Each structure stands twice: as C-alpha cells, then as structure tokens.
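Following: one structure in structure tokens, then a few remarks.
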Amino acid sequence: MNVRLKYIAVLVIVALLGVAAYQAYWLEQLNFNMGEQLDNDIREAMRVADLKEVFLRLKSIEDKGPHGTMDVSAGIGEDGSIIAKSVTTTQVTLDGEKLEQKTGVVLRSSPKADSDSTAGDDAFMKMLEDQISVTELAAMIQQGLHLGVDRFEGTRYEKYDSLLTAGLQQLGLSGNHQLVCIKTDTVFQHTTAGYTPSKYARQFVYDWADYGRYELTIEPTTGLVLREMAGILTASGLIVLLLGLAFHFLIRTIIRQRTLDEMKTDFTNNITHELKTPIAVAYAANDALLNFGEQADEAKRRHYLTLCRQQLERLSGMVEQILSMSMERRRQFKLNIETLNLSQLLQPVIEQQQLKADKPVVFTTRIEPEDLTVHADRAHLSNILNNLIDNAIKYSPGEAHVEITATPSAITITDHGMGIATDKLPHIYDKFYRVPTGDLHDVKGYGLGLFYVKTMVEKHGWSIDVSSVKGEGTTFTIILI
C-alpha cells in the first residue's frame, strides 16, 4: 500500500509539474509574440504619423494655390523588384517666360532571388499573393509621395512628433520618448520633458527616404505587455493553483482512506479482544457457580455475581458506545434535553468508576454553585463524563488522581498521568485513533471514546478543549457557553 501510494504521489507531482511547465512555456511564447506585435505596432505608428504629416503638408500646399504637379507611380520590374517613381513638376520664370521644371526620383527594391522575369498581370497577381511585397509596395509609394512633397515644403518635425505621441498613447505607451529626425542637412531632436533614456532603452528607426529617417527611443515595453497579459496570467495561475489544490486533496484523501483502513483493522482487533475478555471472565464466574458448589459460600457467590455484573456492565458500555456512533450518523438521532443537577449526575459516575477501577483512585470535585444545573441529555452526558474519567484513570500509572471542576461556563477533568505528546493532540478525536503508548500494553481501548465525546459535546452545542504536557497530565475542558 505504501509503495502504491508513493507511486501515485510521484505521478501526481510529475503531472502537476508538467502542466506548470507547459503553462510557463506557453506564456513565454505568448509574451514573446505580443512583444513582437507591439514592436511592429510602434513601427507602424511611426509610419502612419509620417503619412499623416505628409498629407497635412500636402493639404497646406494645396490651400496656398497651385505650385506645380506631382506624379507618383509604382510597378514591378522584370527582375521582380518593386519600382516607385516620383515626378515633381514646378513652374519657374526665366527671362520673363514661364517654364516647367521636372524633377524625378526612382526607388527600387531588391530584386527577387526566385524571380523568373515574369512581367505584366501575372507578376502583379503574384505580388498580391505575397503580403510582404504588398506592404513593401505601399511603403515605397509613401516614400515617393514624401519625396515629392519635400520639393514644395520641408518636413514639419514638431507636427510629426505630436502625431507620433498620439499614436504611441493609443498603444498604451506613456508618450515619454526621445525623437531624432535626421536629414542630410538637418538634425531635429525632441525629448519629452523630464525624460532621460536609460541604458535599457530601445530604439526604433523609420527610413522615409535615402536622405532622411526618424529614430525613436523609448523604454522597454515589457511592463505594457505583462499588463495586457494580466488576465491570462491570472487565469493560468488560478488553473495551476486549482490543479495543485485538487491533487493535494486527492493525495490527502488517499492517505486519510489508508489511515482509516488501518484504524478500522486495529479497531476490529481491539474490540474483539475487549469483547472476549468480559465474556470469558463472566463465563468462568458463572461456571464456578454452577459446577463447583461455590453457591454454598455466600462470600464467594457474591464475589462471582458481582464479577459477572461488572463484566456485563462493561459489555453494555461497549455496545452502547458503538450503537451511539451508529445512531449519530442517522438523521433521526435526537437528544433528550432536560435540566440536570450536575452533582446528582456526577456522583454515580464517580462511584461506578471507583468500583470498576483496578487501581486506587482519588477524586477531587469542586462544583460551584453546589446546585449547579445544566441542560443536557442525561444518558449522553453520563457517557461523556464516564469516558473522560475512564481515560484519566487508565492513563495514570499507579494511583490515579482525578480533579473535576464545574462552573456555569465549563466542566474540567484533570489527571496527573502520562500526558499526550503535542503532535498527537490534533488526532485524539479521530474515530478509531489511539495514542501510541510505546512499550505500555496494559491500557485497554478501541479508539471510539474521545470521538464519541467530541461528537456528543458538539451535538449539545458545546465545544471541548484539551491541554496536555507529556509526563505531567492532561486536562479536558467542556465549554458550556
């Protein structure tokens, strides 16, 4: 059983670690992909801000009146490369005569390595199937447009910075950044007030022409990615936690079932022995009365009859506890509550314990007030006191000293016996549990007494507490309020 339980525990732990490892790997991949997506979004924000800035300049030029024309076109070369042409026509006056001046720029991407020199519609359709080529075509058209507008009006760096800031804020970034616009003849730099790039800062570059580019410096975006993953991280953590709790409950249940099985086996052995002893003693006493003429000796006859009665009472007590445990599990079990005088209830219990004890017992009782009454079930309260006093006597080596104190708020039973180890106290109320006594084998019992006591105490709406020092004694307190 122990080996099987060990294998089950190992398999459960391995499974849990496997789930946790897979979750960690999946989250790491998700974090990486979201980080890559955010980087692409930042680059796209730089491109969109540039496009908006170009259109703003274009609108401004249009509002000021005609200055010329601009043609931007794109196509596919025979080598599979993308070609963008930007032709700007401006009007100039020379010797009183108005002339047109054309300036053109041709942009060409790298040729395709697998190009088969296909031109025309087939090449265009192939380009549409390639998402990267379409994106590259749009970027080159934008560059051509940028170059054309630059012929009429220079870049508005401050406006670009404002548009970029708005784009970054839409992505959830704070807007704290450093922007550098590098042009052949100009360098513009703007830094958000109070911001100084750290050594971990990242840089993003957007080339809008051969002679110009934007460089954006911001802090790492790890925090933003983790915030966006907060819901997923929380859900994953809860899943792993719930699995861990489920596996813990499973192992704990298996261990408890195994322990319960062992305790039931011990109980069967103990109760068998406990039942055989009084039966054997009563049988021997009865046999002596019947077969050996002991009935003629009044003293012996009384002795044997008393012995039979004691053993039958012992048997009756065992059966009563076992039946009580059975009844306690039934819904129809009810207590017969009545007002009881505690002194009158306790006196016969003490007399019975003195009668059946196999050692000297000294009782010290203190009931305040003397006519103290409690609301309880007579039979079950008697059994509760019997069990606690019986334990106090059994676990007291030599002469037993039992102190019983009762007040309106509590009933306390104290012995000066062997005591209970601290690590065993949490288990003493478990069904079938018996505190190990080492080499001491003369303490009888079958692990139901304290379970019965706690069950009946709680049925009355009370509670029970225990304190013990190994080698010095034990105190049980029934709290009545």
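Out of region 348-380, which residues are touching a strand residue (DSSP E or B) at 6+ places or on another chain (Cβ under 9 Å), farther than 15 Å from THR407 by Cα, open to solvent by 30 Å² or more (accessible area, probe 1.4 Å) and not in a strand (DSSP E or B)? Result: GLN354, LYS359, PRO360, ARG378.
Being open to solvent by less than 80 Å² (accessible area, probe 1.4 Å) and more than 24 Å from LEU226 (Cβ to Cβ) is the filter; apply it to region 11-43 and report the residue that is nearest to the chain's Cα centre (by Cα). Within region 11-43, the match that is nearest to the chain's Cα centre (by Cα) is LEU16.
The set of residues from region 183-206 being modelled with pLDDT of 85 or more and open to solvent by less than 40 Å² (accessible area, probe 1.4 Å) comprises ALA201, PHE204, TYR206.
Quick one: would you say LEU440 is open to solvent by less than 40 Å² (accessible area, probe 1.4 Å) and either outside any loop (DSSP other than H, G, I, E, B) or at pLDDT below 95 (or both)? Spelling it out, it is not the case that LEU440 is open to solvent by less than 40 Å² (accessible area, probe 1.4 Å) and either outside any loop (DSSP other than H, G, I, E, B) or at pLDDT below 95 (or both). Within region 179-214, how many residues turn out to be under 15 Å from GLN143 (Cα atoms) and within 46 Å of the chain's Cα centre (by Cα)? Looking only at that region, the number is 2. With respect to the conditions (1) modelled with pLDDT of 85 or more; (2) more than 20 Å from ARG202 (Cα to Cα), LEU38 lacks only one, and its number is (2). Residues in region 253-270: is at least one modelled with pLDDT of 80 or more, over 30 Å from ASP39 (Cα atoms) and open to solvent by less than 70 Å² (accessible area, probe 1.4 Å)? Yes, because at least one residue in region 253-270 is modelled with pLDDT of 80 or more, over 30 Å from ASP39 (Cα atoms) and open to solvent by less than 70 Å² (accessible area, probe 1.4 Å). Considered as a group, the residues in region 138-171 that are at pLDDT 85 or above and small (Gly, Ala, Ser) include one that is most open to solvent (accessible area, probe 1.4 Å), and that residue is SER162. Of all the listed residues (THR217, THR221), the sole one being open to solvent by less than 60 Å² (accessible area, probe 1.4 Å), in contact with a strand residue (DSSP E or B) (Cβ under 7 Å, 6 or more places away or on another chain) and among the β-branched types (Val, Ile, Thr) is THR217.
Within region 62-80, is even one residue open to solvent by less than 40 Å² (accessible area, probe 1.4 Å), of a type outside the set (S, T, N, Q) and at pLDDT 75 or above? Within region 62-80, none of the residues are open to solvent by less than 40 Å² (accessible area, probe 1.4 Å), of a type outside the set (S, T, N, Q) and at pLDDT 75 or above. Based on what the data block shows, is GLY445 at pLDDT 85 or above, of a type outside the set (S, T, N, Q) and open to solvent by less than 60 Å² (accessible area, probe 1.4 Å)? Considered against the rule, which asks whether it is at pLDDT 85 or above, of a type outside the set (S, T, N, Q) and open to solvent by less than 60 Å² (accessible area, probe 1.4 Å), GLY445 comes out as no. Collect the residues in region 381-400 that are out of contact with any helix residue (DSSP H, G or I) (no Cβ under 9 Å at 6 or more places or on another chain), open to solvent by 30 Å² or more (accessible area, probe 1.4 Å) and not charged (D, E, K, R), keeping them in residue-number order. Passing the criteria: TYR395, PRO397, GLY398.
The values are calculated or read from the model by the stated rules, or taken from the named source; none is laboratory data. Quantities reported herein were computed from a predicted structural model and do not represent experimental measurements. Counting neighbours? That spans all protein chains shown, and the Cβs are built from the backbone with ideal geometry, glycine included. Side chains included, ligands, DNA and RNA excluded: accessible areas come from the protein's heavy atoms. Shrake-Rupley method; radii C 1.70, N 1.55, O 1.52, S 1.80 Å.
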